[in-house]
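In what follows, a single structure is set out as structure tokens and then discussed.
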Amino acid sequence: TFGYPGRWLLYETLLTDNEEPPVYDRYKLDTINVVSYNICHCEGTDGKLNLQRTAEVINSFNPTIVALQEVDKHYSSRSNNEDQVKLLAEATGMYGKFGTAGSNCGNAILTKEKPLSSYTVIIGDRNMVVVELSNCVFAGIHVGLGINPRLKALAAIRSEAKKWEAAGKPFIVAGDLNDEGLDWEVEGVPGLLCDSLVKDFTFHSDRTTPTYYTGNFVIDHIISYDKIGGVKTLSYEVKQSDASDHYPI
């Protein structure tokens, strides 16, 4: 565990002592399915809690990597005190990593490949979960409301990108950025975060298709860091579902 001004990193090595990490091959071409989904603690627009329904939506993408937001871990008052990360990992056949800024609700990442390492970057009362895989680094984030949380998230995302630039591994970020569209919760200047990120990140989401079940809220995104490169969009989809108030992308 180590810290620096404004943020803390909680680091966890996930390989056992007798496992050798795979050698990074910058010339290896992989096709991966990246999903970002704010699952609203598995509560659908019908007001019903249904973790299996959420898992079915995730599985419908046949994903390689998934960034989940608003995931509960032993949050007894609304999600039956369940460890949703563990249960969703089991239901999807993936590895699960949970990150929180101290509450029972946070971000999670699911991966088909066993991560080499992972850590959580604390950003105010929110966080960003980062996992290192053999041929890329993936971060999941849920940005807080208001101008200051978005500026702090911008600094954290760029800092992590710079950190991995030297390693040369493609750096992908996905999550609920709470920044664009006509969302009344977006305080200040809508698009402030995305308009800043587009200067040195590629958006693999289209920035036009609404990702919320009602209204023109374009707030869920997938991006990658241009200075590392190595990521090309083959296709993009927003899948409508009543399993959450957000649509998975």
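The values are calculated or read from the model by the stated rules, or taken from the named source; none is laboratory data. These numbers were taken from a predicted model, which means no experiment stands behind them. Here Cβ is always computed from backbone atoms with ideal geometry, including for glycine, and neighbour counts include all displayed protein chains. Areas reflect the complete protein model, heavy atoms only, side chains present, ligands, DNA and RNA absent. Shrake-Rupley method; radii C 1.70, N 1.55, O 1.52, S 1.80 Å.
For A155 and D25, compute 0.36 nm times the residue count separating them, minus their Cα-Cα distance, and round to one decimal in nm.
Here the segment from A155 to D25 would lengthen by 43.9 nm.
Shown here for the stretch 20-74: chymotrypsin sites (Phe, Trp or Tyr not before Pro) in loop regions (DSSP other than H, G, I, E, B) with at most 13 other Cβ atoms within 10 Å, namely Y27. The apolar share of the surface of the chain, taken as the fraction of accessible area on carbon and sulfur atoms (1.4 Å probe, ligands and nucleic acids excluded), comes to 50 percent. Here is the list for the stretch 119-198: chymotrypsin sites (Phe, Trp or Tyr not before Pro) lying in DSSP coil, each with at most 14 other C-beta atoms within 10 angstrom of its C-beta, are W184. Given their separation in residues at 0.36 nm each and the Cα-Cα distance between them, K48 and N33 gain 2.6 nm when the chain is fully extended. Convex hull volume of the Cα atoms of the chain, normalised per residue: 125 Å³. Relative to the current alpha-carbon distance between N148 and N80, full extension at 0.36 nm per residue lengthens the span by 21.2 nm. Could you give P(r) for the stretch 19-144, binned at 10 Å from zero, as whole percent values over all Cα-Cα pairs? In order of increasing distance, the bins hold 13, 45, 32, 9, 1 percent. Put a plus charge on the Cβ of each Lys and Arg, a minus charge on the Cβ of each Asp and Glu, and nothing anywhere else: the dipole of the stretch 145-184 about its Cα centre is then about 320 debye.
Measuring between alpha carbons in the structure, the pairs from K112/K232; K86/K114; K163/K227; K114/K227 lying more than 18 angstrom apart are K112/K232; K114/K227.
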